[in-house]
Amino acid sequence: MKLSLGIIDYVVLLAYLVLLLVIGFYLSKKETKGGSDIFLGGRTLRWWQIGFSLFSANAGPMMLIGAASIGFSQGVVGSNFEWLAWIFLLLLAMFFLPHYMATKISTMPQFLKLRFGTRAYNFLVIYSLISILLVWLGSALYAGGLIVSQIFDWPLMFSVVLVTIIATSFTAVGGLKAVVRTGIFQSVIIIVSSIVLAWLGLKRIGGIDAFAKAVPDHYWKLFRPASDPEYSWIAILAGYPVVAVYYWCADQTIVQKVLAARDLKEGQYGALFLAVLKIIMPLIFIFPGIMCFVLFKDTAQADNAYITLVKQLMPHGLLGLCLAALIAALIDTVSSGLNSFSTVFTLDVAGRFREMDDAAKRRMGRWITLVAGGLAIGIAFLFSRSGKGFFELSQGMVSILAPPLSVVFLAGITWKRMSSLAAEIVLYGGGLVCLAVGICNVLNFPYPGFWPHFLILSVYLFIGLLVVGVVVSLLSAPRGDTASLPSLLETDKNRGTDLRRVWVGWALLALVMALIYWVFR
């Protein structure tokens, strides 16, 4: 769907790109010496930097396009994936993060090495690199390149390469601080343009009352009956947590930004700030899809609901701003993935075979960022030749491997008796089982309808692997040196920080979320 852009739109887009690169490269002059800065920003980030950076990384092209799509076809039920996230951000901030900081790790594989040994560590190193390449880089580049090419009528791979060059340039030079600083800028662009789009849609419809009455009643239900084939309340409340525990509490690209906080309290406030921002995300991402259904259901489709609304409602100038937000979401997702790939490879792969000082780590990180950009272009090309949608490709891997990782990370911080042998069986054996089940599910083997909804399937796999982990742990001896690691209770006892104000913030947020769910009951 090519859009007709005016001169003012091109001026806005050019101004956005110039500001983005200025902000990104400016940081290269402000960086202090030290290899850790390129990976964790010297562990100096404040709460608002963390929150905005997490927001912009999470609000990728999948969010802008996919959220409008589910709003168009299903209504507010998709808001559960945003409004329930605060629970798992609370777990990250108040339980996982203190434990991670107590063990002084820089990457998620390092935590598994300390907790369960080298074999568990090797599994997550390999998984982290592959998942970053596929989910955060390859699929995002393919999706974003497809959108950019349709908007500007450019060749797909030209669009992919152009986005990669822009994201790689300032990420390689400025490291995590550049990603965070540009993420703040891009969060503002995304939020402002999305609010404007939602306001124009509401104005065209005729106000809140007209909007509420213009769609079927089930569009306003957050929880569907158990008989709903796609988004039943059972699937959401039972299945979503399995993926959410891994995504919010153990994914390198997400957790890395919180680990870069100057202290525990800043990291916790950063997660709380993101949870607050999550309140508005359905309002500015999913609701526009519902507005498109009201206004253009006869001509639009779910997959192009966002672009249709932009094309029909945005005047010139604001159209350029909206496209800048879309490109901002894409570039920030890619830059976050590039930095995380560089961090894991440099610290957990290259660092095992070669002694490096800070300067050498910094050089290695920059070169690996460039290599990751090249690999991501290749993966995006393969995706373009696969004949499958990028949502299917990206979500497939996460849903397949989330159950064993959720089991191991939850047990790793909550149950000191969990043994290394149990973790290895859950990761390697459970990973193979989940992969086989996922393939059979996609291929409808042995026959269509045999497998339950993928969210319910994730619950079954999680429970089964949790039982295996508990039984094996009780029957096997724990690894000797894990006894030196603090338990979750010991970490909380020794943290030395008064967190009452943080807990008050979470309590107030819980009240707000309860009110929201009462309104959309």
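The values are calculated or read from the model by the stated rules, or taken from the named source; none is laboratory data. Owing to the predicted nature of the structure, the values given are computational and were not obtained by experimental measurement. With ideal geometry, Cβ positions are generated from the backbone for all residues, glycine too; neighbour counts draw on all protein chains shown. For accessibility, only protein heavy atoms count, side chains too; no ligands or nucleic acids. Shrake-Rupley method; radii C 1.70, N 1.55, O 1.52, S 1.80 Å.
Just a few scattered comments:
- Residues within the range 55-76 that are farther than 19 Å from SER139 by Cβ and assigned to a helix (DSSP H, G or I), tallied: 6
- Of all the residues in the range 399-420, those that are surrounded by fewer than 18 Cβ atoms within 10 Å (Cβ to Cβ) and among the hydroxyl-bearing types (Ser, Thr, Tyr) number 1.
- Where a residue in the range 116-136 is β-branched (Val, Ile, Thr) and its partner, wherever it lies, is open to solvent by less than 20 Å² (accessible area, probe 1.4 Å), with Cβ under 6 Å and at least six apart: VAL125/PRO109; VAL125/ASP348; ILE132/GLY337; ILE132/SER340; ILE132/PHE341; VAL135/SER394
- Considering the range 365-376, and only residues there that are open to solvent by 40 Å² or more (accessible area, probe 1.4 Å) and touching a helix residue (DSSP H, G or I) at 6+ places or on another chain (Cβ under 7 Å), the residue that is farthest from MET157 (Cα to Cα) turns out to be ARG366.
- Flag for LEU401 being part of a helix (DSSP H, G or I) and in contact (Cβ under 8 Å) with a residue 24 or more places away in the chain: yes
- For GLY206: the one exception among (1) more than 28 Å from LEU326 (Cα to Cα); (2) free of Cβ contacts under 8 Å to residues at least 40 places away in the same chain: (1)
- Residue selected from the range 316-360 under the condition in a helix (DSSP H, G or I) and charged (D, E, K, R), by the criterion most open to solvent (accessible area, probe 1.4 Å): ARG352
- Residue in the range 77-99 that is part of a loop (DSSP other than H, G, I, E, B) and either open to solvent by less than 10 Å² (accessible area, probe 1.4 Å) or modelled with pLDDT under 85 (or both) present: no
Every residue, every condition in (1) at pLDDT below 75; (2) open to solvent by 80 Å² or more (accessible area, probe 1.4 Å), yes or no:
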{"residue": "ALA422", "(1), (2)": "no, no"}
{"residue": "LEU427", "(1), (2)": "no, no"}
{"residue": "PHE450", "(1), (2)": "no, yes"}
{"residue": "VAL470", "(1), (2)": "no, no"}
{"residue": "GLY480", "(1), (2)": "yes, no"}
{"residue": "LEU499", "(1), (2)": "no, no"}
{"residue": "VAL519", "(1), (2)": "no, yes"}
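- Members of the range 64-73 found to be buried (at least 21 other Cβ atoms within 10 Å of the Cβ) and at pLDDT below 90, listed by number: LEU64, ILE65, GLY66, ALA67, ALA68, SER69, ILE70
- Filtered residues of the range 290-315 (kept if open to solvent by less than 40 Å² (accessible area, probe 1.4 Å), in a helix (DSSP H, G or I) and touching a Ser or Thr at 6+ places or on another chain (Cβ under 6 Å)): CYS292, PHE296, ALA302, ALA305
- Meets criteria (of a type in the set (Val, Ile, Thr), assigned to a helix (DSSP H, G or I) and either farther than 30 Å from ILE208 by Cβ or modelled with pLDDT under 85 (or both)) for VAL243: yes
- Residue in the range 161-190 that is modelled with the highest pLDDT, counting only those that are among the β-branched types (Val, Ile, Thr) and over 18 Å from SER340 (Cα atoms): VAL161
- Every condition in (1) at pLDDT below 80; (2) surrounded by fewer than 13 Cβ atoms within 10 Å (Cβ to Cβ); (3) under 27 Å from the mean Cα position of the chain (by Cα) is met by VAL18 except one, and the failing one is (1).
- Some residue of the range 308-325 being among the small types (Gly, Ala, Ser) and within 30 Å of LEU129 (Cβ to Cβ): yes
- Flag for PHE454 being open to solvent by 80 Å² or more (accessible area, probe 1.4 Å), modelled with pLDDT under 85 and touching a helix residue (DSSP H, G or I) at 6+ places or on another chain (Cβ under 7 Å): yes
- Close pairs (7 angstrom Cβ cut-off, 6 or more residues apart or separate chains): free of Cβ contacts under 8 Å to residues at least 40 places away in the same chain in the range 143-154, open to solvent by less than 20 Å² (accessible area, probe 1.4 Å) and not aliphatic (A, V, I, L, M) anywhere: SER149/SER159
- Scanning the range 100-119 for residues that are assigned to a helix (DSSP H, G or I) and either β-branched (Val, Ile, Thr) or crowded, with 22+ Cβ neighbours inside 10 Å (or both) returns TYR100, MET108, PRO109, PHE111, LEU112, ARG115, PHE116, THR118.
Okay, residues lined up against (1) touching a His at 6+ places or on another chain (Cβ under 9 Å); (2) surrounded by fewer than 20 Cβ atoms within 10 Å (Cβ to Cβ):
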{"position": "LYS213", "(1), (2)": "no, yes"}
{"position": "TRP220", "(1), (2)": "no, yes"}
{"position": "ALA235", "(1), (2)": "yes, no"}
{"position": "LEU259", "(1), (2)": "no, no"}
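- When residues of the range 199-232 are limited to those that are at pLDDT 90 or above and of a type in the set (Phe, Trp, Tyr), the one farthest from the chain's Cα centre (by Cα): PHE211
- Here LYS104 meets the list (1) charged (D, E, K, R); (2) touching a Phe, Trp or Tyr at 6+ places or on another chain (Cβ under 9 Å); (3) farther than 27 Å from ILE190 by Cα almost entirely, failing just condition (2).
- Number of the condition not met by ASN122 [criteria: (1) farther than 30 Å from VAL276 by Cβ; (2) in contact with a Leu (Cβ under 8 Å, 6 or more places away or on another chain); (3) open to solvent by 30 Å² or more (accessible area, probe 1.4 Å)]: (2)
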